[in-house]
Amino acid sequence: ATAGDVILVADGDGTNRREIVPGSGGAHMHWLSWSRDGRIYYMRPVMAGANLAQTEIYRVDPDGGEPEPVITTLRRAMFPLPLADGGLIYSANPSGVELGLWWRPPDGTTSRRLTFGLGDYLEPRTALDGRLLVATRYENRQSLVRIEAGGTRLGVTTALTDGHGGDLDPTIARAGGRMVFSSARVGNRHLWTADPDGTNVRPLTSGAAQDDRPALSPDGQTVAFVSDRG
């Protein structure tokens, strides 16, 4: 936990175990993968802790040495899959909410996106000849729901949105009843406003940033929220 993960290398039978990357600051290191040139690729968070909101891909020599960054981003890069020719397949979301598959050429030039559309693409694998790529696709539906808290309709739920836009974090002002929520319905996660019944939906924030966790002031005039803008 607070000590952080370590990376160890051992012989095939588990003996001769040795530490090559020490733990520090509670940082996690996951999804280790061997490359053909003998180095180890792995994901680690930029900020210590279990929140994987910002993760990058590193590599290290199994004989030890200083880990070096391979894929840096302001959001998420994970599931590194080194290719035989020196290229790299990985999951990332540098310009949106959902994780797509990306290919970094062997010469280290700009990565190219391989997948488009809805869903998170994770855990890529390739055939031995490198001609077939498979992955797991997660498609989460997230909708806003109203639950009756009293009267004869106690416990009755009503869906306010259809679940295809990734709607989260509703907050309602005490004065006026206006609702603010976060949504990925246009690609990036932004703040939107609506009437309490889910109608009259309008965008509140825009741009390349990811905005979520809104909190309306009691008078409904201002909203605080979490963002990676700036």
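The values are calculated or read from the model by the stated rules, or taken from the named source; none is laboratory data. Keep in mind the model is a prediction, meaning the values are calculated, not measured. Heads up, the Cβs are rebuilt from the backbone with ideal geometry, glycines too, and the neighbour counts pull from every protein chain shown. Keep in mind that these areas ignore ligands, DNA and RNA; they rest on the heavy atoms of the full protein, side chains included. Shrake-Rupley method; radii C 1.70, N 1.55, O 1.52, S 1.80 Å.
Potential lengthening of the chain between E123 and L168 amounts to 13.7 nm, from the contour at 0.36 nm per residue minus the alpha-carbon distance. What percentage of the solvent-accessible surface of region 172-224, computed with a 1.4 Å probe over protein heavy atoms, is contributed by carbon and sulfur atoms? For region 172-224, the apolar C and S fraction of the accessible surface comes to 53 percent. When peptides 211-219, 92-100, 80-88 are ranked by their average number of other Cβ atoms within 10 Å per residue, the highest-first order is 92-100, 80-88, 211-219. The trypsin sites (Lys or Arg not before Pro) of region 24-95 that DSSP puts in a loop, and whose beta carbon has at most 12 other beta carbons within 10 Å, are R36. Among the trypsin sites (Lys or Arg not before Pro) in region 134-230, those located in a DSSP loop and surrounded by at most 16 other Cβ atoms within 10 Å of their own Cβ are R141, R174, R229.
Accessible surface computed residue by residue for the chain, with neighbouring protein chains in place and a 1.4 Å probe, gives 57 Å² per residue.
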